[in-house]
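Following: one structure in structure tokens, then a few remarks.
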Amino acid sequence: MLKKLDTENYNVVVVSPRNYFLFTPLLPSCTTGTIEHRSIMEPVRAILRHKKAAVKYYEAEASTIDPDRKVVKIVDNSEIKGAISETEIPYDMLVIGVGAENATFGIPGVREHSCFLKEIGDAQRIRKKIMDCVETAAFKDQSSDEIDRLMHMVVVGGGPTGVEFAGELQDFFEEDIKKLVPEISPRFKVTLIEALPNVLPSFSKQLIDYTENTLREEKIDIKTKTMVKKVTNNTVEAEISRPDGSKERMVIPYGLLVWATGNAVRPIVKDLMARIPAQKDSRRGLAVNEYLVVQGTRDIWAIGDCAVAGYAPTAQVASQEGGFLARLFNNMAKTEAQESRIQELSSKMNLQAGNAAESAEEIEKLEKQLRRVKDIKPFRYSHQGSLAYIGSEKAVADVSWWNGNLATGGRMTYL
Ligand code: NAD
């Protein structure tokens with residue numbers, strides 16, 4: 001939105017505790033060094049530098065939004081703080097694009113012992129831990145059980161994040177670890193745990209089968225219908241549903257645990273939802289109308305994973321919503337400028353009859369433009385398809401094709 005917004009028409013203030021934009025779809029590749037972090041980061045200030053008019057940026061977290069007083073409370077939660085680290089920003093129009101946080105479903109031990117995969121810091125932590133596990137396993141006189149535990153990498157959640165990370169991890173093993181520490185490499189194992197009957201539930205059936213077969217060929221152990229119930233510092237406790245309906249509890253030792261079970265609503269969004277009566281039935285985020293206006297408000301818009309517009313929480317949706325809102329705001333500014341020019345011309349016409357014909361002509365032209373500008377169509381998401389990397393240079397993709405879907409998988413898809 002910021003990239004496309006015509007900043008000359010507004011006094012824009014950006015608030016974000018993270019001072020860069022992050023292209024999260026490539027984050028799993030950062031965990032093993034396939035992609036360098038800098039390649040998927042873009043500093044906010046670098047984006048702002050190219051804008052026509054100055055934009056204010058505060059590196060701060062928006063902690064609460066008061067829609068009645070129309071203010072946002074901001075807090076500097078960075079390491080270095082000045083004498084003032086909390087203040088308020090008044091707004092006329094507010095756009096919320098705070099994303100979501102990691103879902104843990106309140107499962108004990110998850111926050112303390114597992115790694116998430118949402119931020120650059122998470123990817124760096126995972127990268128460091130993988131090597132630490134391998135080196136600790138290779139430590140002199142390490143016991144056999146301990147080598148197996150340390151070399152066991154467990155991924156919980158078989159959505160695209162979990163599948164892509166498991167694939168990257170297995171590639172890293174095949175391409176690097178095998179050569180670097182050949183003596184213990186046969187003990188390296190990746191397990192993917194998913195509560196539902198299959199991985200990648202949002203993809204077509206044939207791609208699900210293809211993915212599961214490919215992951216098995218890559219020697220990734222897939223445990224479906226298995227729900228993690230508890231996490232300790234070196235084990236996960238999971239419940240497996242057997243075909244006969246019985247349930248079995250198992251304890252799985254791990255060296256590295258990556259938790260990828262999807263999104264949860266951020267506290268600032270929850271708090272705002274509680275302040276707006278029209279949001280009381282919304283569960284997964286701020287319910288918005290077809291112009292992305294937060295239901296029950298007139299001057300708050302929401303985009304991306306924190307908004308519920310009827311689409312999946314993906315980068316593709318967020319990007320299109322941002323572009324749409326920029327166009328909407330640019331149009332609103334144009335409308336206002338044209339309306340005031342029309343008003344100015346009509347009052348001039350009444351005063352000086354000489355230029356009346358010229359003014360009338362301009363008014364007519366402006367009114368025509370205004371009608372075009374005012375005719376803003378609601379947001380319509382255009383789905384281009386879904387793609388997920390599944391390891392060994394293969395990918396699966398559901399691509400929108402005319403009015404149908406083209407499901408493809410393999411090396412060509414990845415290419
Ligand atoms: P997700 O919500 O898609 O998948 C999470 C999975 O975790 C679910 O299948 C769920 O059944 C499972 N799960 C939940 N609790 C569990 C438990 N206790 N034990 C075992 N399994 C459990 O999450 P995601 O993969 O992080 O994706 C989030 C969003 O981002 C989705 O909309 C996704 O499409 C999108 N995304 C897309 C791509 C891509 O297109 N390549 C990549 C990453 C994310």
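E175 meets the conditions (1) open to solvent by 60 Å² or more (accessible area, probe 1.4 Å); (2) more than 16 Å from the ligand (Cβ to nearest atom); (3) in contact (Cβ under 8 Å) with a residue 12 or more places away in the chain in every case but one. The failed one is (3). Within the group R45, R69, R38, which residue is outside any helix (DSSP H, G or I) and open to solvent by 60 Å² or more (accessible area, probe 1.4 Å)? After ruling out the rest, the residue left standing is R69.
Cβ-Cβ contacts under 7 Å between residues 6 or more apart (or on different chains), taken from a first residue in the range 297-312 that is on the phi > 0 side of the Ramachandran plot to a second residue that is open to solvent by 10 Å² or more (accessible area, probe 1.4 Å), are listed as G304/G97; G304/G99; G304/A318. Only helices (runs of 4 or more DSSP H) whose full extent lies in the range 73-172 are considered here, and the ones with at least 2 residues that are farther than 24 Å from I222 by Cα and not hydrophobic (A, V, I, L, M, F, W, C) are 120-137. Applying a threshold of 8 Å to beta carbon distances and a minimum spacing of six or more residues, or different chains, the list of pairs starting in the range 138-161 at a residue that is of a type in the set (K, R) and ending at one that is away from the ligand (no atom under 16 Å from the Cβ) and in a loop (DSSP other than H, G, I, E, B) reads R149/N234; R149/G255.
Tell me yes or no: at least one residue of the range 160-170 is within 9 Å of the ligand (Cβ to nearest atom), open to solvent by 20 Å² or more (accessible area, probe 1.4 Å) and in contact with a helix residue (DSSP H, G or I) (Cβ under 6 Å, 6 or more places away or on another chain). Yes - at least one qualifying residue is present in the range 160-170. The condition of being without any contact (Cβ under 8 Å) to a residue 60 or more places away in the chain and touching a strand residue (DSSP E or B) at 6+ places or on another chain (Cβ under 9 Å) does not hold for S319. In a residue-by-residue description of the range 3-10, the property of being open to solvent by less than 30 Å² (accessible area, probe 1.4 Å) and under 29 Å from N331 (Cβ atoms) applies to at least one position. Restricting attention to the range 192-207, the residues being within 11 Å of the ligand (Cβ to nearest atom), on the phi < 0 side of the Ramachandran plot and buried (at least 17 other Cβ atoms within 10 Å of the Cβ) number 6.
Restricting L345, L325 to those that are modelled with pLDDT of 95 or more, in a helix (DSSP H, G or I) and open to solvent by less than 70 Å² (accessible area, probe 1.4 Å) reduces the list to L325. Of all positions in the range 253-273, at least one carries a residue that is of a type in the set (S, T, Y), within 11 Å of the ligand (Cβ to nearest atom), surrounded by 18 or more Cβ atoms within 10 Å (Cβ to Cβ) and in a loop (DSSP other than H, G, I, E, B). Residues considered: K225, K219. Of these, the only one that is open to solvent by 80 Å² or more (accessible area, probe 1.4 Å), within 16 Å of the ligand (Cβ to nearest atom) and either within 30 Å of S386 (Cβ to Cβ) or more than 28 Å from the chain's Cα centre (by Cα) (or both) is K225.
The values are calculated or read from the model by the stated rules, or taken from the named source; none is laboratory data. Computed from a predicted structure; not experimentally measured. Note: ideal-geometry Cβ built from the backbone for every residue, glycine included; neighbour counts use all protein chains shown. What goes into the accessible areas is simple: the full protein's heavy atoms, side chains included, and nothing from ligands, DNA or RNA. Shrake-Rupley method; radii C 1.70, N 1.55, O 1.52, S 1.80 Å.
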